[in-house]
Amino acid sequence: METSVIRLRTSLQDSVLELLNQQIAMEAHSSATYLSMAGWCYSQGLNGCGDFFKKQSAEEREHMLKIFDFVVDAGGLPISPEVAKVPKNFEGLRDVLVQSLEQEISITRSFNNISDHCLKVKDFQTQRFLHWFLDEQLEEESQARRCIELYDLIGLDNGGLYKIDKEIIKLKASE
């Protein structure tokens, strides 16, 4: 099948396209990791946390598709990623929460790197597109930090895990 002239012309530079495809893969991995976290939480009877992480998983998939669509609209070839090495076992809820924050920080760094690269190669359209994600990452990191704060403030005594589970799901209800 012959590629149309329309698809042969893209304003995306190869280096930017590569970074965007890497970000698509990162978002897919994040989505799968959050779904794994949700499953672990459900298996522990932490249904509020399970619901929280299942919603996080859906949001990460939406982010992946938003980047995918941008690449398509720019005439580039988005790559559907393989997802491997998704964690399945966690030491406890605090471990899940800490890994969630670390994941969000990693995603923020990646978006910052892509944005920085776009400025260097004068791809202002893509750099502008990334602003939404940078704003979103500020919210994601803040929410992940709040989950850890709730865990630490409530503690595990006197039904603390039950209380933590009920408080964490409220963070998604307020969005």
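The values are calculated or read from the model by the stated rules, or taken from the named source; none is laboratory data. This is a predicted model, so every value here is computed, not measured. Cβ placement follows ideal geometry from the backbone for every residue including glycine, while neighbour counts extend to all protein chains displayed.
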Check your understanding: Looking at segment 109-127, which of its residues are part of a helix (DSSP H, G or I) and either in contact (Cβ under 8 Å) with a residue 12 or more places away in the chain or in contact with a Cys (Cβ under 9 Å, 6 or more places away or on another chain) (or both)?
Key -> S110, F111, N112, N113, I114, S115, H117, C118, F124, Q125, T126, Q127
Practice item. Could you please give the count of residues in segment 116-135 that are buried (at least 18 other Cβ atoms within 10 Å of the Cβ) and over 16 Å from N21 (Cβ atoms)? Key: 1
Check your understanding: Which of (1) surrounded by 15 or more Cβ atoms within 10 Å (Cβ to Cβ); (2) over 16 Å from the mean Cα position of the chain (by Cα); (3) not basic (K, R) is the odd one out, the single condition E104 does not satisfy?
Key -> (2)
**Study point:** Candidates F124, F133, F90, filtered to the one that is in contact with a helix residue (DSSP H, G or I) (Cβ under 6 Å, 6 or more places away or on another chain) and farther than 21 Å from G48 by Cα
**Key:** F133
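For (1) more than 22 Å from H131 (Cβ to Cβ); (2) buried (at least 17 other Cβ atoms within 10 Å of the Cβ), each residue gets a yes or a no:
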position	(1), (2)
L19	no, yes
G39	yes, no
G45	yes, no
C49	yes, yes
M64	no, yes
F70	no, yes
D73	no, no
D95	yes, no
Review point. Can L156 be described as at pLDDT below 95 and surrounded by fewer than 15 Cβ atoms within 10 Å (Cβ to Cβ)?
Key: yes
Check your understanding: If you go through segment 77-94 one residue at a time, do you hit one that is under 27 Å from L19 (Cβ atoms) and assigned to a helix (DSSP H, G or I)?
Key -> no
Check your understanding: Taking the condition in a loop (DSSP other than H, G, I, E, B) and either over 23 Å from C41 (Cα atoms) or without any contact (Cβ under 8 Å) to a residue 12 or more places away in the chain (or both), does L156 pass?
Key -> yes
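Filter segment 128-153 down to residues that are among the polar types (S, T, N, Q) and either closer than 24 Å to Q13 by Cβ or touching a residue at least 24 places away in the same chain (Cβ under 8 Å) (or both), then give me how many there are. Step through it out loud before you land on a result.
Keep residues of segment 128-153 that are among the polar types (S, T, N, Q), which gives 137, 142-143.
Among the residues that remain, those that are also either closer than 24 Å to Q13 by Cβ or touching a residue at least 24 places away in the same chain (Cβ under 8 Å) (or both) are: 137, 143.
Count: 2.
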**Study point:** Boolean, S80 is at pLDDT 95 or above, closer than 16 Å to S30 by Cβ and small (G, A, S)
**Key:** no
Check your understanding: Can you tell me which residue in segment 1-56 is nearest to the chain's Cα centre (by Cα), limited to those that are outside any helix (DSSP H, G or I) and modelled with pLDDT of 95 or more?
Key -> L46
Exercise for review: State whether the residues of segment 53-60 include one that is among the small types (G, A, S) and either closer than 19 Å to E141 by Cα or touching a Ser or Thr at 6+ places or on another chain (Cβ under 9 Å) (or both).
Suggested key: yes
Exercise for review: Quickly run through segment 122-168 and pick out the residues that are more than 16 Å from the chain's Cα centre (by Cα) and within 23 Å of M64 (Cα to Cα).
Suggested key: D123, F124, Q125, T126, Q127, R128, F129
Review point. Name the residues in segment 51-60 that are hydrophobic (A, V, I, L, M, F, W, C) and either surrounded by fewer than 19 Cβ atoms within 10 Å (Cβ to Cβ) or touching a Gly at 6+ places or on another chain (Cβ under 9 Å) (or both), would you?
Key: F53, A58
